[in-house]
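The structure appears below as structure tokens.
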Amino acid sequence: MTSHDGQAASIIFDTVGKSFAKPGGGTVSAISDVSLTVEAGTITGIIGRSGAGKSTMLRMVNGLERPTSGKVLVGDQDVGTARGAKLRAIRRDVGMIFQHFNLLSSGTVSENIALPLEIAGIGSAEIKTRVADLVDRVGLTAQADRYPSELSGGQKQRVGIARALATEPKILLSDEATSALDPETTQTVLSLLKDINRDLGLTILLITHEMAVVRDIASHVAVIEGGQIVEAGTTYDVFTAPQHPTTRSFLSGVTGVTLPAFIRDKIIAERPASGGEEVVRVTFSGKHATDPMLALLTRDLGIEVNILAGAVEEIGTQPFGNLLVSLDAAKGDEARTYLERHGLLTEVLGYVG
Amino acid sequence: MSANLINLLIEATGQTLYMVAISTLLGTLFGLPLGVFLAISQRGELLSSPWVNKVLGLVVNATRSVPFIILVVAIIPFTRAIAGTSIGTTAAIVPLTIAAVPFIARLVENAIREVDGGLIEAARAMGATPFQIIRKVLIPEALPAITLGLTLAVVSLIGYSAMVGAVGGEGLGDLGIRYGYQRFMPDVMAVVVVILIVLVQLVQSIGEWIAARVDKRAPKGRGQ
Ligand SMILES: Nc1ncnc2c1ncn2[C@@H]1O[C@H](COP(=O)(O)OP(=O)(O)OP(=O)(O)O)[C@@H](O)[C@H]1O
Ligand SMILES: [Mg+2]
């Protein structure tokens, strides 16, 4: 772990619990019974609402918090029991970026990036060359001698990223790193993180409350709610077949497939005795996402479908389509069987009279 | 005003500057680390040790609540032990320093406590030792506030130094009392007051100028 061979490291949460002492006495549980393996070299997102325990989980990876039960392993090192010099050595292998950047206001861009290297006791000549490389990597060469107060939010986060990479860590932790940025700047920061993951091969663990961030860069995702992981898997699987209501509610709006209001107000759970339309969600997985399946359905079975809402997106480099359609309720079974036989997923959302 | 008096004034100004400079230096030497420690030893902070913090805080408060003129007299035995004599300008540096240490410590403590906790967290995440955090994060970030604090301390010490005539310390205050008051020479008193005003102005302006130079934060009211 102490050698800088650039290899990524995995992170393992093994039945981890963390509770904090309450000021008035007693304890409050922030996370409990969390088990999660973050594979080396992946970009993994942890998503959850405010207070769900995201930051607590992340901060256990570099020992800013210690688990009260269970184990947190970074590579083969147990972070929870590491102390003193051993803990500081682990921390040099784990970079971290923050929502509010946490840059020294008294230092220039270069000085901020040099800080972790000075802390690691690296000689000033080597610091100089490394800082110049890092400044270049994040595209801030022209701003190298400016102070943070003279930079935009996106530029500040680039400094934060360069600083986090300075000690050539194996893991990069990101606590809401784009939450203070506008959508456009968010995209540039996310693509920088993607490039870093690809070029340096380090593991990125990021927390966010925005599914769009997960969709845009994470290959794996874990959903946390009330201090517990309620769902985890590849981003593609979680997006295409969400199991938990929390996941679904995070996804609505991101996948662009909410029912239009005029249908949502009329929808009923029971199939009408006669007539009526069935409202179905059709999910186009992987290679089928671009097939004209609805046209084929009409051609082969003569069943016509109305498209209510839909979108085709890219999730973890795979296309993913999500359509809400309505069709004659009497022919619903036949249509769904046909679509599923062709590798699509369907889900009946309800009926309209 | 005679040439003799002018010489006396110049000499007294030098003595005041000497006392203030040395006591500021010594006060900072002890007050800065004490202030840093007071800031970071609070419960939940970097070197959390609430009991030591409480005790030190009490000592600092006690020293600060003793009026300076009483402090000067009260610590005469201590002054004699340190300076070899309890009378004179050099001896007066002892009470001035004793007064400066807790004052500077509190100013430094406040300056350090204003440093954003996120920065300390970032430094911890980099694997910094507490000492590295103090040297590379807390002091540089608190420097503008520390500079202004020291300016305030120097101004206060100029005022205090006028009282050390009570133990035979010389300087502007002593001169003003001996000539202006005891020998009925109001013009000497007036000149003394003017010199003190100029000194304080100068110190304040220089302090503010340095503080502005070291302050790299955005001007107030312009973003974060
Ligand atoms: N130092 C602490 N002392 C006491 N309680 C804490 C502490 N840190 C976190 N908690 C509690 O633990 C729970 C989880 O907090 P955490 O900061 O991990 O949430 P989060 O998911 O990061 O939320 P947010 O999105 O608002 O940042 C919250 O109920 C919080 O109040
Ligand atoms: Mg948080």
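Brief remarks on what is shown
- One residue from A:109, A:34 being within 13 Å of chain B (Cβ to nearest Cβ) and crowded, with 23+ Cβ neighbours inside 10 Å: A:109
- From the list A:184, A:168, the one residue that fits, being open to solvent by 10 Å² or more (accessible area, probe 1.4 Å) and in contact (Cβ under 8 Å) with a residue 40 or more places away in the chain, is A:168.
- Filter pass, residue A:59 being within 16 Å of ligand 2 (Cβ to nearest atom), more than 29 Å from residue B:43 (Cβ to Cβ) and open to solvent by 30 Å² or more (accessible area, probe 1.4 Å): no
- The sole residue among A:24, A:70 that is over 30 Å from residue B:143 (Cβ atoms), modelled with pLDDT under 95 and within 16 Å of ligand 1 (Cβ to nearest atom) is A:24.
- Options A:269, A:273, A:222, A:218: the member that is at pLDDT 85 or above and outside the structural domain of residue A:175 (by TED's automatic domain parsing): A:269
- Residue that is nearest to ligand 2 (Cβ to nearest atom) [pool: residues in segment A:11-28 that are more than 14 Å from chain B (Cβ to nearest Cβ) and exposed (fewer than 14 other Cβ atoms within 10 Å of the Cβ)]: A:28
- Within segment A:315-353, the set of residues being without any contact (Cβ under 8 Å) to a residue 60 or more places away in the chain and either in a strand (DSSP E or B) or assigned by TED's automatic domain parsing to the domain that holds residue A:241 (or both) comprises A:319, A:321, A:325, A:327, A:328.
- Boolean, residue A:154 is more than 29 Å from the chain's Cα centre (by Cα) and within 14 Å of chain B (Cβ to nearest Cβ): no
- The set of residues from segment A:144-154 being in contact with a Ser or Thr (Cβ under 9 Å, 6 or more places away or on another chain), surrounded by 14 or more Cβ atoms within 10 Å (Cβ to Cβ) and either more than 24 Å from residue A:178 (Cβ to Cβ) or not hydroxyl-bearing (Ser, Thr, Tyr) (or both) comprises A:144, A:146, A:148, A:153, A:154.
- Scanning segment A:162-180 for residues that are away from ligand 1 (no atom under 16 Å from the Cβ) and among the hydrophobic types (A, V, I, L, M, F, W, C) yields A:162, A:164, A:165, A:166, A:171, A:172.
Per-residue answers, yes or no, for (1) more than 23 Å from residue B:111 (Cα to Cα); (2) open to solvent by 70 Å² or more (accessible area, probe 1.4 Å); (3) among the hydroxyl-bearing types (Ser, Thr, Tyr); (4) at pLDDT 95 or above:
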site: B:156; (1), (2), (3), (4): no, no, yes, yes
site: B:161; (1), (2), (3), (4): yes, no, yes, no
site: B:165; (1), (2), (3), (4): yes, no, no, no
site: B:182; (1), (2), (3), (4): yes, yes, no, no
site: B:189; (1), (2), (3), (4): yes, no, no, no
site: B:199; (1), (2), (3), (4): yes, no, no, yes
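- Residue B:137 vs. criteria farther than 27 Å from residue B:17 by Cβ and within 9 Å of another protein chain (Cβ to nearest Cβ): yes
- None of A:32, A:50, A:55 is near ligand 1 (Cβ under 10 Å from one of its atoms) and not in a loop (DSSP other than H, G, I, E, B) except A:55.
The values are calculated or read from the model by the stated rules, or taken from the named source; none is laboratory data. Worth saying up front: this structure is predicted, and the values here are computed from it rather than measured. Note that we place each Cβ from the backbone using ideal geometry, even for glycine, and neighbour counts take in every protein chain shown. Surface areas here come from the heavy atoms of the whole protein model, side chains and all, with no ligands, DNA or RNA. Shrake-Rupley method; radii C 1.70, N 1.55, O 1.52, S 1.80 Å.
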